[in-house]
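The values are calculated or read from the model by the stated rules, or taken from the named source; none is laboratory data. If you're wondering where the values come from, they're calculated on a predicted model, not measured in any experiment. Cβ: placed from backbone, ideal geometry, glycine included. Neighbour counts: every protein chain shown.
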Amino acid sequence: MAGTDAAARAAAEAEALRPGPVTVLVAPQMGENIGAAARAMWNFGLSRLRLVAPRDGWPNPAAVAMASGAGRVLDDARVFDDTEAAIADLTTVYATTVRPRELTKRVLTPEAAMREAAARIAGGERVGVLYGRERTGLENEDVVRASAIVTVPVNPGFGSLNLAQCVLLMAYEWRRTHDATPPELLATGRSEVAAAEDVARMVAHLTGELDRAGFFWPEHKRPSMVANLENLFRRAPLTDQDVRTLRGVIRALAEGPRERSRPEG
């Protein structure tokens, strides 16, 4: 277990060193929301947090309690008096907002924004994402400083997102830009996916016993019936344990009922 923990820590350290967008929380009100945002960041490998004039000051014990394991994000957080100072060293800034603005700016989905951010960061740019106040979101004076707007396609009748939820959505999309996890996996537990030859032998075993039982009738339909049986077992990935179990079932049915010794009562 110690080795596993060490590997997990090493992976987390490596993730922290990966260049990623800076998360800028503008005038966050509650420490709990800052902590939840930090936890969402760390879940998806982001570590650079900047706070603009947090209402309840900084550091904040409530943020530490809510971060639950993402303390290093809070430890390295930087505090600024205003948005202009917080983004002064950044070359591209995305402002998250759902409210329509009377501004001419590109409006991107989180996926498109983080894909673009990844390309810009790979090119040496410094990128940040602005998140607004819990109650009112970003003000126009914050949004005008951004390069583009990011809007989440939410329910038009209820578009307000919790601060940490918004950070999590963006962090997740950032992670997707460089994560190699396939869209679908077969979890086999302790078993392995069965080899094709093992499945073939199992199907042959089943077919032989069905022949003995006179299952394939009329005879001219036998090829299509065998094909349907084989397709049934081939289309659902079987594990080696599945094959062993099925062969045991076939054998038991072929041998018929067995007398079992009863415990003396």
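Of note:
- Only one entry in Ser68, Ser47 is exposed (fewer than 14 other Cβ atoms within 10 Å of the Cβ), small (Gly, Ala, Ser) and in contact with a helix residue (DSSP H, G or I) (Cβ under 7 Å, 6 or more places away or on another chain), namely Ser68.
Residues are listed down the side, and each one gets a yes or a no for (1) in contact with a Pro (Cβ under 9 Å, 6 or more places away or on another chain); (2) within 19 Å of Met41 (Cβ to Cβ); (3) among the small types (Gly, Ala, Ser):
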position: Val144; (1), (2), (3): no, no, no
position: His178; (1), (2), (3): no, yes, no
position: Gly189; (1), (2), (3): no, no, yes
position: Glu192; (1), (2), (3): no, no, no
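Quick grid of which residues meet (1) more than 22 Å from Val24 (Cβ to Cβ); (2) touching a Phe, Trp or Tyr at 6+ places or on another chain (Cβ under 7 Å); (3) of a type in the set (S, T, N, Q); (4) not in a strand (DSSP E or B):
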position: Val152; (1), (2), (3), (4): no, no, no, yes
position: Asn155; (1), (2), (3), (4): yes, no, yes, yes
position: Gly159; (1), (2), (3), (4): no, no, no, yes
position: Ala164; (1), (2), (3), (4): no, no, no, yes
position: Leu169; (1), (2), (3), (4): no, no, no, yes
position: Thr181; (1), (2), (3), (4): yes, no, yes, yes
position: Glu184; (1), (2), (3), (4): yes, no, no, yes
position: Ala187; (1), (2), (3), (4): yes, no, no, yes
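- The condition of being not charged (D, E, K, R) and not assigned by TED's automatic domain parsing to the domain that holds Arg247 holds for Ala187.
- Qualifying residue in region 151-162 (condition: buried (at least 19 other Cβ atoms within 10 Å of the Cβ) and in the same structural domain as Leu51 (by TED's automatic domain parsing)): no
Residue-by-condition table, conditions (1) of a type outside the set (A, V, I, L, M); (2) under 20 Å from Asp242 (Cα atoms); (3) at pLDDT 95 or above:
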| site | (1), (2), (3) |
| --- | --- |
| Glu125 | yes, no, yes |
| Val129 | no, no, yes |
| Glu134 | yes, no, no |
| Pro156 | yes, no, no |
| Asn162 | yes, no, no |
| Leu169 | no, no, yes |
| Arg176 | yes, no, no |
| Ala180 | no, no, no |
| Arg190 | yes, yes, no |
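- Among the residues here, Thr136 does not qualify as of a type in the set (S, T, N, Q), in the same structural domain as Pro28 (by TED's automatic domain parsing) and in contact with an Asp or Glu (Cβ under 9 Å, 6 or more places away or on another chain).
- Members of region 220-258 that are surrounded by 13 or more Cβ atoms within 10 Å (Cβ to Cβ) and not in a helix (DSSP H, G or I): Leu238, Thr239
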